[in-house]
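What follows is a set of notes on a single structure, which appears directly below.
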Amino acid sequence: MTRSSEVPGFYRRSIAERRAFVREWAGLTDDEAKAYEFPPGVDPALFDRMIENVIGVMPLPLGVATNFRINGRDYLVPMAIEEPSVVAAASNAAKVARAAGGFSAQTTAPVMIGQVQVLDVPDPAASRLRILEHRDELLAQANAKDPVLVKFGGGAKDLEVRLVSSPRGPMVVVHLLVDARDAGGMNAVNTMCEALAPEFARLTGGRVVLRIISNLAVHRLARAHAVFPAAQLKTERATGAEVVEAILDAYAFAVADPFRCATHNKGIMNGISSVVIATGNDFRAIESGAHTYAAWTAAGTGAVVRPLTTYEKDRDGNLVGTIEIPAPVGLIGGATAVHPTAKANVKLLGVTSARELGEVLAVVGLAQNFAALRALATEGIQRGHMELHARNLATSAGARPDEVDRVVERLIRDHQIRFDRAKEIVEELRRGPG
């Protein structure tokens, strides 16, 4: 029988009806279909309002990173991620930094960029000046669209006008700079851009096409730094000073080679994105903005991309790490305001402003990156990562709780951390001696 993915009115069906449909479509067993059930205490109607065609939820493991001290205050940091070793690595890095007082962090004002694209402008350079001449009245018109935001100190603050070459000809691109306060800013910024679009068309004599927020939030930055004492970095095989040098060598590799830099920055986002997800923010926007920022800031140096972190050695031989990232996150609106787990995580984290949340993101990204470089430069990344991976394999292979440790021990001892080997070990354990 031929199946069709064209399902008229699918969005009108109840969650149970949609789930029954996809179960039949995919031939799911009873046990497989149970994976779509909602956990206790969760209102399915809430998720049905958040996105379209809901059939269930896909939970991620939620862990808590410990030892973090930021600007003299202690934090427990919720992290939602499926990858082993990330939470443990962040906690360990925070413990090392804590020995020197912890992390220092700061943010710029929460200013977002709204872009308005204007095409077919006869005199782009002159149009740029006409727009800037009307700056005050344009900002006033934008702020009239969100008096509440203005009341709390936010709103449209400035205009930038760029002349951009493109395959479709020259473009006049207006940047509306909006202080979003404790919101992510998408709705406010987009609304203001929509309101100003006719004025930009009138002032330029051109045709407005896109009016939308940018995820490259170069005016909304979070920065952090920490000292990682050399005395805390020594291992059985290397002195602290040797580990510092090895980490600096690893960092230099990321500076010099984009292939390494991609993985370097991915490790940073392991930490950042897990906190963004845990707090109900848009991790795709954060990821896009961070990686683009790494390329945008590298452009002036002639490089393709650069690490989001830097590492140096201070006069005492300790390692000093820094980070700077765009941090367009919010505490009001979106999933952060309605998702019950996100709301609980924000309370656990104890942040009271979007700027403070941005500081936490920068710190966790730096901690995660330091931990990865330390592991790579000393014992190698595989040791801790593979132990946790072996535990996942043992469970996937059907090991009972009382069997997992023995399966993991055998996998690591034999240096064969594979699913097929895990299954063999489980079968051997159950057969017993002989």
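Where a number appears in this text, it was derived from the coordinates with a stated rule and is not lab data. From a predicted model like this one, the values you see are computed outputs, not experimental measurements. Backbone-built Cβ (ideal geometry, glycine too); neighbour counts: all protein chains shown.
Laid out as a table, the results:
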quantity	calculated
Percent of Cα pairs exceeding the 14 Å cut-off, where the set is the stretch 84-124	72 percent
Inter-site label distance for Ser353 and Asp257 at 7 Å from Cα along Cβ, in nm	4.2 nm
Amide H contacts of Lys157 (H built 1.01 Å from N, under 5 Å, at least 5 apart or other chain)	Leu177, Val178, Asp179
Local net charge near Arg430, Cβ-Cβ under 14 Å (Lys/Arg +1, Asp/Glu -1)	0
Amide hydrogen neighbours beyond the local backbone of Leu210, cut-off 5 Å, H modeled	Gln117
Furthest towards positive pole of dipole, Pro59, Phe103, Pro167, structure part the stretch 44-193, Cβ charges	Phe103
Förster radius 35 Å - calculated FRET efficiency between Val57 and Thr322, Cβ distance, rounded to 0.05	0.40
Sequence of Met50, Met192 once ranked by neighbouring C-beta atoms within 10 Å, starting from the fewest	Met50, Met192
Distance in nm between pseudo-label sites at Arg284 and Ala238 (7 Å out along the Cβ direction from Cα)	3.9 nm
Hz values of 3J(HN,Hα) by residue in the stretch 138-147 - Karplus curve (6.51, -1.76, 1.60), Gly and Pro given as x	5, 5, 5, 5, 5, 5, 5, 7, 8, x
Local electrostatic count, Val57, Cβ distance below 12 Å [Lys/Arg +1, Asp/Glu -1]	-2
Sites Ser4 and Gln416 - FRET efficiency at Förster radius 30 Å, r taken between beta-carbons, to 0.05	0.10
Loop-located trypsin sites (Lys or Arg not before Pro) in the stretch 183-282, at most 11 other Cβ atoms within 10 Å (DSSP)	Arg237
Pairwise FRET efficiency - Lys343 versus Asp405, Cβ, R0 = 45 Å, nearest 0.05	0.80
Distance between the stretch 1-79 and the stretch 156-186 - C-alpha centres, whole angstrom	36 Å
Trypsin sites (Lys or Arg not before Pro) within the stretch 87-187, DSSP loop, no more than 15 other Cβ atoms inside 10 Å	Arg168
Packing-based exposure ordering (other Cβ within 10 Å, fewest first) of Glu324, Glu24	Glu24, Glu324
Quotient of C-alpha Rg and 2.2 N^0.38 Å, computed over the stretch 17-59	1.16
Amide H partners (placed H, <5 Å) of Arg306, local residues excluded	Ala295, Ala298
Calculated over the chain: convex hull of Cα atoms, volume per residue (Å³)	213 Å³
Under 14 Å, Cβ to Cβ, from Val255 - net charge with Lys/Arg +1 and Asp/Glu -1	-1
In Hz, Karplus ³J(HN,Hα) per residue of the stretch 102-111 (6.51, -1.76, 1.60; θ = phi - 60°; x = Gly, Pro)	x, 9, 10, 9, 7, 9, 7, 4, x, 8
Phi-based couplings in Hz for the stretch 201-218 (Karplus 6.51, -1.76, 1.60; Gly and Pro marked x)	5, 5, 6, 9, x, x, 10, 7, 10, 8, 9, 7, 5, 9, 8, 8, 8, 6
Cross-link pairs Lys234/Lys313; Lys266/Lys423; Lys145/Lys266; Lys151/Lys266; Lys151/Lys347; Lys157/Lys266 - those with Cα-Cα distance over 27 Å	Lys266/Lys423; Lys145/Lys266; Lys151/Lys266; Lys157/Lys266
Relative pair counts by distance (%), Cα atoms of the stretch 232-367, 10 Å bins	12, 36, 29, 19, 4, 0
